[in-house]
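All remarks here apply to the structure that follows.
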Amino acid sequence: MNTTLPEALTVPEVMTALRLSRSKVYDLIRTKQLPSFTVGRARRIPADELTRYIRNQIEETA
């Protein structure tokens with residue numbers, strides 16, 4: 001994964017990073033597994049929250 005991520009990612013950027021569909025990313029957001037915020041109508045996911053989500057997934061499967 002690219003270590004020079006911006007502070008906040010778009011849904012398409014998260015889709016690419018996790019190799020998931022748009023609906024799955026929105027499911028993660030809706031179920032509070034992946035925190036996000038909105039600016040106007042734009043949804044953003046903090047990069048550190050994406051990293052936390054990935055680490056949690058790794059820990060759960062280990």
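The values are calculated or read from the model by the stated rules, or taken from the named source; none is laboratory data. Computed from a predicted structure; not experimentally measured. When we count neighbours, we look across all protein chains shown, and the Cβ atoms used for this are built from the backbone with ideal geometry, even at glycine. Keep in mind that these areas ignore ligands, DNA and RNA; they rest on the heavy atoms of the full protein, side chains included. Shrake-Rupley method; radii C 1.70, N 1.55, O 1.52, S 1.80 Å.
What is the residue count in the range 25-34 for residues that are open to solvent by 50 Å² or more (accessible area, probe 1.4 Å) and assigned to a loop (DSSP other than H, G, I, E, B)?
Residues of the range 25-34 open to solvent by 50 Å² or more (accessible area, probe 1.4 Å): 26-27, 30-33.
Checking the rest, the ones that are also assigned to a loop (DSSP other than H, G, I, E, B) come to 31-33.
Summing the residues that are open to solvent by 50 Å² or more (accessible area, probe 1.4 Å) and assigned to a loop (DSSP other than H, G, I, E, B) in the range 25-34 gives 3.
Mind checking which pairs have a first residue in the range 34-48 that is under 18 Å from Met15 (Cβ atoms) and a second that is of a type in the set (Ser, Thr, Tyr), Cβ under 6 Å, 6 or more apart or different chains?
Leu34/Tyr53; Arg43/Ser36; Ile45/Ser36
Give the range 2-12 a look and list any residue that's in contact (Cβ under 8 Å) with a residue 24 or more places away in the chain and open to solvent by 70 Å² or more (accessible area, probe 1.4 Å), or say none.
Of the range 2-12, the ones in contact (Cβ under 8 Å) with a residue 24 or more places away in the chain are 5-11.
Once the filter is applied, which keeps residues that are in contact (Cβ under 8 Å) with a residue 24 or more places away in the chain and open to solvent by 70 Å² or more (accessible area, probe 1.4 Å), the range 2-12 yields only Glu7.
Could you check Pro46 against (1) surrounded by fewer than 16 Cβ atoms within 10 Å (Cβ to Cβ); (2) at negative phi; (3) under 12 Å from the mean Cα position of the chain (by Cα) and say which number it fails?
(1)
State whether the residues of the range 3-16 include one that is over 10 Å from the mean Cα position of the chain (by Cα) and on the phi > 0 side of the Ramachandran plot.
Within the range 3-16, not a single residue is over 10 Å from the mean Cα position of the chain (by Cα) and on the phi > 0 side of the Ramachandran plot.
Give the residue that is farthest from Glu7 (Cα to Cα), with candidates limited to residues of the range 35-62 that are assigned to a helix (DSSP H, G or I) and either among the aliphatic types (A, V, I, L, M) or touching a helix residue (DSSP H, G or I) at 6+ places or on another chain (Cβ under 7 Å) (or both). Step through it out loud before you land on a result.
Our first condition is that a residue be assigned to a helix (DSSP H, G or I); within the range 35-62, this holds for 47-61.
Narrowing the set further to residues that are either among the aliphatic types (A, V, I, L, M) or touching a helix residue (DSSP H, G or I) at 6+ places or on another chain (Cβ under 7 Å) (or both) leaves 47, 50, 54, 58.
Values: Ala47: 5, Leu50: 10, Ile54: 16, Ile58: 22 Å.
Filtering the range 35-62 for residues that are assigned to a helix (DSSP H, G or I) and either among the aliphatic types (A, V, I, L, M) or touching a helix residue (DSSP H, G or I) at 6+ places or on another chain (Cβ under 7 Å) (or both), the one farthest from Glu7 (Cα to Cα) comes out as Ile58.
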